[in-house]
Amino acid sequence: MYAQMIKSEATQDDPEKLAAFQARIDAGEKIEPKDWMPEGYRKTLIRQIGQHAHSEIVGQLPEGNWITRAPTLERKAILLAKVQDEAGHGLYLYCAAETLGVSRDEITEMLLDGRMKYSSIFNYPTLNWADIGAVGWLVDGAAIMNQVPLQRTSFGPYSRAMIRICKEESFHQRQGYDAIRKMAEGTPEQKKMAQDALNRLWYPSLMMFGPSDKDSVHSAQSMAWKIKMNTNDELRQKFVDQTVPQAEYLGLTIPDPDLKWNEERGHYDYTDPDWSEFFEVIKGNGPCNVDRLAARNKAWDDGAWVRDGLLAHAKKKATRQHAAE
Amino acid sequence: MATPVNKEDAFSQFLLRMGDNTLILGHRVSEWCGHAPVLEEDIALANTALDLIGQTQMWLGLAAEVQGEGKSADDLAFLRDAWDFRNVLLCEVPNGDFGRTLMRQFLFDAWHSIQLGRLMKSSDERVAAIAEKASKEVAYHLERSADTVVGLGDGTEESHRRMQEALDYLWPYVGEMFQSDEADAEMVKAGIAPDPASLREEYDVLVSRILGDATLIIPDSSFAHKGGRTGAMHTEHLGHLLTQMQWLQRAYPGAKW
């Protein structure tokens, strides 16, 4: 999941309408764009879908960082296909957001001027080739944990986008695991790269689920509306439980000396990430925040003449066609 | 540079020319990842690069097979030095702005689509099969790059100016695609590939039509830079591209990825 700390909007609609709306959600009905919905539901969803879409777009940058250095033709092709899928996810999520009344240009500008966020994970750098495997294994793995339940979310277009996205994400995760496995089973230098990637990306991956439940103030309303399906800590635990045996299989060490199986709970006990680091990254002080936003702004600004040119051409063409008729 | 004397050497040369074109251009296009002017273009550029890299796997795979020295497509891509590359210079020039990237793509796609059409009739079944698969992808590349060149050429004053500048910069790199040498003559004799010069007329008709629609003017010069497809003299840019592309393979020899 790429949405963190989504603030639920308070809602001041007619209580009768609200009750009827909630009843539809409780009955498992899907809400469609033309249906009545509380303003808070609409705004919260725009924020959540937008943050997810922006994450897909900014997420192209850390992976794109390695496309030109991919070590084989096959790895280059796999990575290109993955990044292309992610841009595609961005596209259908922006379309889902448009059904809520916000245009793609508006929502893009909110990313570019910092009014909207993207997942904190993409503010970390990809420093060696194993990071590309680790991003697929851990980052896509964490994303899937949240996105699978969201296939059942109450908003129809979002739910349908998630169904499609999840299929591709699980494929990416398998490819990522395969890439890092190759490294973990490789030369001592390759194994060192794999361990280095895990060391740097483990805690940032745990942070993807958002702050601990006791500090997560926006969850209750979103859960009632079924736009958030599980709590942050539930999903984080599930992710840890799934990932630890995979790391063991790879012969890699999770960078948490206190990590151990708790027989009584039936889960792994693990160390929480450093939440002060998380809040710094959210505030803009992660290792890559400034560069990532600068890169997106540059792409947008440098591309203005292209967008203007194509639009001007489309208008000329329409005028000529009109004149000919 | 030694001139190939027998059919095997000429065949290998031909396959390297095809595969190096797609490899180097695919690499250049992939440099755009995450930086395109609009999301649809990010997707389209990644898709084009992906097709070109896929075609590279087929051409260089066959080149390695024909050479019969136990090498793989990856060995050819990642372990040759600049003088062994046989791509035309057009493919290796830097991306420049989006306009130059798309103009380069169009000028290449136009040649590529005609070339693949001829190769589908190759006497070598393996070449014909690769050409058939690639031609479907390239038909789409050409449609898209031509549409974009027309849209931007006939867009705003600024987009027109940029596209004309791109064409002026790139036009001297067009002629090399149609130059022939002994290896080409050998391929013609064996019925494997057409004489490059024989594609020029069809190319000029296609390119003139599209650039006309784009309200752009083809420079009045037939001067052509050369040295890429023979390997005699690449641009200074290729070495930098290879430094990046080949780095992991060079730094960690023998590792499996």
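The values are calculated or read from the model by the stated rules, or taken from the named source; none is laboratory data. Fair warning: this is a prediction, and the values are worked out from it, not measured in the lab. In this analysis, Cβ positions are derived from the backbone assuming ideal geometry, glycine residues included, and neighbour counts consider all displayed protein chains. Ligands, DNA and RNA are excluded from the accessible area calculation, which covers all protein heavy atoms including side chains. Shrake-Rupley method; radii C 1.70, N 1.55, O 1.52, S 1.80 Å.
Under the Kirkwood approximation applied to all pairs of distinct alpha-carbon atoms, what is the hydrodynamic radius of the range B:7-251 in Å? Please list the in-between numbers first.
Details: mean 1/r = 0.0551 Å⁻¹.
It is 18.1 Å.
Is there a simple number for the mean count of other chain Cβ atoms within 10 Å of the Cβ of residues in A:174-187, and what is it?
Numbers: counts 0, 0, 0, 0, 0, 1, 0, 0, 3, 3, 0, 1, 4, 5.
For peptide A:174-187, the averaged partner shielding equals 1.
Note on the range B:1-63 and the range A:172-235: Cα centroid distance 35 Å, given to the nearest whole angstrom. Sorting the segments B:10-23, A:233-246, A:27-40, A:84-97 by their mean number of nearby beta carbons within 10 angstrom, highest to lowest, gives B:10-23, A:84-97, A:233-246, A:27-40. Seen from all directions on average, the protein assembly as shown presents a Cα convex hull projection of 30.6 nm². Relative contact order for the range A:106-216: 36 percent, from Cα pairs under 8 Å spaced at least 6 residues apart, divided by residue count. Only DSSP H runs of four or more residues enter the estimate; each adds -39500 (n - 2.57), and after division by the residues of the protein assembly as shown the mean residue ellipticity at 222 nm equals -21000 deg cm²/dmol.
Counting only protein heavy atoms and rolling a 1.4 Å probe, how much accessible area do B and A lose on contact, total for both sides, in Å² to 100?
4000
Working from Cα pairs under 8 Å separated by at least six residues, relative contact order for the range A:15-323 is 19 percent.
GNM on chain A, alpha-carbon springs under 10 angstrom: the most fluctuating residue among A:Ala134, A:Ala143, A:Ala312 is A:Ala312.
The alpha-carbon of A:Lys228 sits under 21 angstrom from the alpha-carbons of these lysines, leaving out residues fewer than 8 places away in its chain: A:Lys7, A:Lys30, A:Lys43, A:Lys117, A:Lys167, A:Lys214, A:Lys238.
If you wrap the range B:203-257's Cα atoms in a convex hull and average its projection over all directions, what's the area in nm²? Display every interim value, and only then the final one.
Details: hull surface 28.5 nm².
If you wrap the Cα atoms of the range B:203-257 in a convex hull and average its projections, you get 7.1 nm².
One quarter of the surface of the convex hull around the alpha-carbon atoms of the range A:216-320 equals 13.1 nm², the direction-averaged projected area. Seen through its C-alpha gyration tensor, with square-root eigenvalues sorted a ≥ b ≥ c, the range A:175-263 comes out prolate because a/c lies at 1.5 or above while a/b is bigger than b/c.
Taking a sphere under 15 Å around the Cβ of B:Ala64 and counting the other residues whose Cβ falls inside, with K and R at +1 and D and E at -1, yields a net charge of -4. Let a ≥ b ≥ c be the square roots of the eigenvalues of the Cα gyration tensor of the range A:17-113; is it rounded (a/c under 1.5), or, if not, prolate (a/b larger than b/c) or oblate? Since a/c reaches 1.5 and a/b is larger than b/c, the shape of the range A:17-113 is classed as prolate.
Residues of the range B:215-257 that bury at least 10 Å² of accessible area when the other protein chains are present, relative to the chain alone (probe 1.4 Å, heavy atoms, ligands and nucleic acids excluded): B:Gln244, B:Met245, B:Trp247, B:Leu248, B:Gln249, B:Tyr252, B:Ala255, B:Lys256, B:Trp257.
Among residues other than B:Ser135 with Cβ under 14 Å from its Cβ, the summed charge is -1 (Lys and Arg +1, Asp and Glu -1).
Split the accessible area of chain A by element, probe 1.4 Å, and carbon with sulfur accounts for 54%.
Taking the Cα centre of the range B:7-251 as origin and charging only Cβ (+1 Lys, Arg; -1 Asp, Glu), how large is the dipole, in debye to the nearest 20? Spell out each step's value before the answer.
On the way: 22 positive and 40 negative charges, 57 e Å.
Computed charge dipole of the range B:7-251: roughly 280 debye.
An oblate overall shape is assigned to chain A, the ratio a/c of its alpha-carbon gyration tensor axes (a ≥ b ≥ c) being 1.5 or greater and a/b not exceeding b/c. The mean number of Cβ atoms from other chains found within 10 Å of a Cβ in peptide A:58-65 is 3, as a whole number.
Calculated accessible area for the range B:7-251 comes out at 38 Å² per residue, all protein chains present (probe 1.4 Å; ligands, DNA, RNA ignored).
Given Cβ point charges of +1 (Lys, Arg) and -1 (Asp, Glu) and nothing else, what value in debye, to the nearest 20, does the dipole of chain A about its Cα centre take?
1100
Within 10 Å of each Cβ of B:66-74, how many other protein chain Cβ atoms are there on average?
Values: counts 0, 0, 0, 0, 0, 0, 2, 3, 6.
Average neighbour count from other chains, rounded to a whole number: 1.
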